[in-house]
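Input: a single structure, listed below in structure tokens.
The values are calculated or read from the model by the stated rules, or taken from the named source; none is laboratory data. Please read these numbers as outputs of a predicted model, since none were measured by experiment. Neighbour counts are summed over all protein chains in view; Cβ atoms, including those assigned to glycine, are modelled from backbone coordinates with ideal geometry.
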Amino acid sequence: MPHEIPQTMGQQLGRRSWAEPWKIKMVEPLRVISREARGRALEEAGYNTFLLRSDDVYIDLLTDSGTSAMSDRQWAGLMLGDESYAGSRNFYHLEEAVRTYYGYRHVLPTHQGRGAEHLISQAVIKPGDHIPGNMYFTTTRLHQELAGGTFHDVIVDAAHDPQDLSPFKGDMDLAKLERLIEEVGAERIPYVSLAGTVNMAGGQPVSMANARALRELTTRHGIRLFLDATRMAENAFFIQEREPGYADRTIAEILREFCDLTDGAWMSAKKDNLVNIGGWLAVNDDAIFEELRNLVVVYEGLHTYGGMSGRDMEALAIGIEESVSDDHIRARIGQVRYLGELLTDWDVPIVQPVGGHAIFLDAKRFYPHIPQDAFPAQTLAAELYLDSGVRSMERGIASAGRDPSTGDHMRPRLELTRLTIPRRVYTQAHMDVVAESVKAAYDARHRARGLAMVYEPKYLRFFQARFEPLGAA
Ligand SMILES: *Cc1c(COP(=O)(O)O)cnc(C)c1O
């Protein structure tokens, strides 16, 4: 197996161990409530971890979105906020950082990633258009649909198999894409929607070779190629590690080479870019930028703040620079792997190979006795919380939502519970506690019964849906 998880980071590779490239300057106390109290909290939250109060959570692995720890430099940057309504100096720092590290010509701030997705979708998608992508992302697809488009998943088949060890399971299947172009016509495809890494597939990376082939194919058909750059710095790590010719290139160099193959990008800066709130949208095309710069005023704010304060733009500019450091990325992904390695040693079923930002428990293999319509991944998130106060989230049938044409549940092949690791927040000892809790839930797996959905909101239902436990079978 070419990309087997190392047993311990140093030993198996015959190297000395390394540690996080930072030390802790300020601490935030954690609280653990009793199992009884957790049971009550879970019931009040309708068995949905999104509806728990964070005070009732011990180790919070709900998401890596906006949950990272900022550096001392970023905190210092907050004090340099220029809160002028227009033309804040912090905007120009942000613009410069995006141009330097991602390489796009035109930059707009947005309040977060979905703000950018909304703008790009409204600007270039017409009703009846088709948007191919490497697996869907919840907010990305919804904005494409709200603009009148139809999303098509053209990711490689391996992405849907949690046991397939291919190194680049985020790649697009070019044959599937060609077929779609033939079927609907290139003129009905405003852009190809490429994401690196692919969150819903388990944080799986896209190869540079695939991006290059996509660039060639889309250019040939006159179709734009836009990038969801949310975790693209982490994606660059996998290219450095696995793709021939990249071992000696820096994360920053790889990131830039990849982005240079695309026409623009949107970003949830709450992920790779190490801030608690923020996003941006960047394109090379002058005409599209003109349209976007006008739209941003309607939905987000003036084009030099787009829903962000000056201080937040400053922290983001600094965060971008820190996020492409090789030491940072290695430690970040190393911690995710450490947790994956413990669970693999205990034969707990997880998505392999381990991706960039999270461990994805394979709820279908965890609970083979619970049918998908009884929400196995949601059940597992609830059981984990009950066991230890560790908060995870569902990435399965609840997240997938309903088919807009038939109204039936979409039934994704992947039914996963995600343990998402915030950046620079928890220590290795926290990972040990998490692994032991997962193990305890695994040992008690036969007792789990599944859930019924008793309240279902119309949009992005997984955030606010409520559930009730099913009785004994
Ligand atoms: C989080 C995320 C988004 C949406 O960004 P928000 O900042 O949450 O609005 C878009 N794409 C991907 C891949 C994400 O992970």
(1) of a type in the set (Asp, Glu); (2) closer than 30 Å to Pro349 by Cβ; (3) within 16 Å of the ligand (Cβ to nearest atom) all hold for Glu145 apart from (2)
Going by the conditions given, is Val124 in contact with a helix residue (DSSP H, G or I) (Cβ under 8 Å, 6 or more places away or on another chain), within 23 Å of Asn294 (Cβ to Cβ) and away from the ligand (no atom under 16 Å from the Cβ)? yes
Please go through the stretch 309-325 and pick out each residue that is among the hydrophobic types (A, V, I, L, M, F, W, C) and either assigned to a strand (DSSP E or B) or under 17 Å from Asp72 (Cβ atoms) (or both). Ala315, Leu316, Ala317, Ile318, Ile320
Within the stretch 261-289, how many residues are in contact with a His (Cβ under 9 Å, 6 or more places away or on another chain) and away from the ligand (no atom under 16 Å from the Cβ)? 6
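Please indicate, with yes or no, whether at least one residue in the stretch 383-405 is of a type in the set (Asp, Glu) and in contact with a His (Cβ under 9 Å, 6 or more places away or on another chain). Show your work before the answer.
So in the stretch 383-405, the residues of a type in the set (Asp, Glu) come out as 383, 387, 394, 403.
With in contact with a His (Cβ under 9 Å, 6 or more places away or on another chain) added as a condition, the list becomes 403.
Within the stretch 383-405, one or more residues are of a type in the set (Asp, Glu) and in contact with a His (Cβ under 9 Å, 6 or more places away or on another chain).
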Inspect the stretch 406-429 for any residue being surrounded by fewer than 24 Cβ atoms within 10 Å (Cβ to Cβ), touching a residue at least 40 places away in the same chain (Cβ under 8 Å) and assigned to a helix (DSSP H, G or I) and give the result as yes or no. yes
Within the stretch 84-95, is even one residue within 16 Å of the ligand (Cβ to nearest atom), under 30 Å from Arg461 (Cβ atoms) and either at pLDDT 95 or above or out of contact with any His (no Cβ under 8 Å at 6 or more places or on another chain) (or both)? no
For the stretch 96-121, name all the residues that are of a type outside the set (A, V, I, L, M) and more than 16 Å from the ligand (Cβ to nearest atom). Glu96, Arg99, Thr100, Tyr101, Gly103, Tyr104, Arg105, His106
Could you list all residues from the stretch 119-150 that are crowded, with 20+ Cβ neighbours inside 10 Å and free of Cβ contacts under 8 Å to residues at least 60 places away in the same chain? Ser121, Arg141, His143, Gln144, Ala147, Gly149
Of the residues that sit in the stretch 126-151 and are touching a strand residue (DSSP E or B) at 6+ places or on another chain (Cβ under 7 Å) and in a loop (DSSP other than H, G, I, E, B), which one is modelled with the lowest pLDDT? Tyr136
Do the conditions hold for Ile59, that is, is it among the β-branched types (Val, Ile, Thr) and away from the ligand (no atom under 16 Å from the Cβ)? yes
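Can you find a residue that is farther than 15 Å from Gly264 by Cα and within 15 Å of the ligand (Cβ to nearest atom) anywhere in the stretch 176-198?
Scanning the stretch 176-198, I find at least one residue that is farther than 15 Å from Gly264 by Cα and within 15 Å of the ligand (Cβ to nearest atom), so the answer is yes.
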